[in-house]
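Take a look at the structure set out below.
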Amino acid sequence: MRQLTTYRNLQVLLVIMAITGMSFALFYLQRHLGLSPCPLCIFQRVGLTVMGGFALISALFNPKSKVIRLLLWLGSLVGIGWATAVAARHVWLQYLPADQVPSCGPGLNYWLDTLPILQVFEEVFAGSGECASVDWTFMGLSIPEQSLILFSVLLIVHILILLRIVKPTN
C-alpha cells in the first residue's frame, strides 16, 4: 500500500483525476449532452486545470527538494481550493429559494469584454439564474454537487501529499 501512496504516485493520481474531470465536463456534459457551462462552472474548471498543471510538473520532475515540493503542492492546493470554494458557492446558489435567486446576467464573454477583471469576479460570484438552475443530475446530485465531492476528495489527496513531503517514505 505504501508504494501506491508515494509522492509521485499521488501526483499522478491528481493528474489523472484532473484529466478525467475535464474530459467528463467537456466531452460528455458539453459535447454529448449539449450543456453549456455557466460562469461558475468555468471557474471550477480553471481551478481543476491549475491543480492538474502543478501536479503534472510534480509528477514529471519528481523534485527531491522539500521547498520545491512544498511550492508545487501549494500551487496545486490553491487551484483545487479555488475550485472547491467555487463549487460550494455554486451548490449554495442552487439551494436558494426561487425568490432569492439572482436574475440571469448577460454572460461571461460580455463581462470579460466590457468590465474590469475584478468586477467580472464580483459579477460571477454574485451568481445568476443560469448558475442556480439544475440541468442534469446523476444519483440525485447536480453537477456542482458532484464537483464538490470530487474536489473534496482531491483536497484529501493533497493532505496525503503534504504528509509525504513532511515525512517522506520514498
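The values are calculated or read from the model by the stated rules, or taken from the named source; none is laboratory data. Given the structure is predicted, the values throughout are model-derived calculations rather than measurements. Note that we place each Cβ from the backbone using ideal geometry, even for glycine, and neighbour counts take in every protein chain shown. What goes into the accessible areas is simple: the full protein's heavy atoms, side chains included, and nothing from ligands, DNA or RNA. Shrake-Rupley method; radii C 1.70, N 1.55, O 1.52, S 1.80 Å.
Worth pointing out:
- For beta carbons closer than 9 Å, sequence separation of 6+ or different chains, a first residue in region 29-43 that is β-branched (V, I, T) and a second that is open to solvent by less than 30 Å² (accessible area, probe 1.4 Å), the qualifying pairs are I42/L108; I42/V124.
- There is no residue in region 120-139 that is part of a helix (DSSP H, G or I), at pLDDT 85 or above and hydrophobic (A, V, I, L, M, F, W, C).
- Scanning region 2-48 for residues that are β-branched (V, I, T) and over 18 Å from the mean Cα position of the chain (by Cα) gives T5, T6.
- Considering residues of region 138-148 that are of a type in the set (A, V, I, L, M) and surrounded by 13 or more Cβ atoms within 10 Å (Cβ to Cβ) only, the residue nearest to Q44 (Cα to Cα): L148
- One residue alone among L29, L14, L70 is crowded, with 22+ Cβ neighbours inside 10 Å and either within 22 Å of S133 (Cα to Cα) or in contact with a helix residue (DSSP H, G or I) (Cβ under 8 Å, 6 or more places away or on another chain) (or both), and that residue is L14.
- Top-ranked residue in region 50-67 [being surrounded by 16 or more Cβ atoms within 10 Å (Cβ to Cβ) and of a type in the set (V, I, T); ranked as nearest to the chain's Cα centre (by Cα)]: V50
- Of residues in region 76-98 being more than 11 Å from the chain's Cα centre (by Cα) and in a helix (DSSP H, G or I), the one surrounded by the fewest Cβ atoms within 10 Å (Cβ to Cβ): A98
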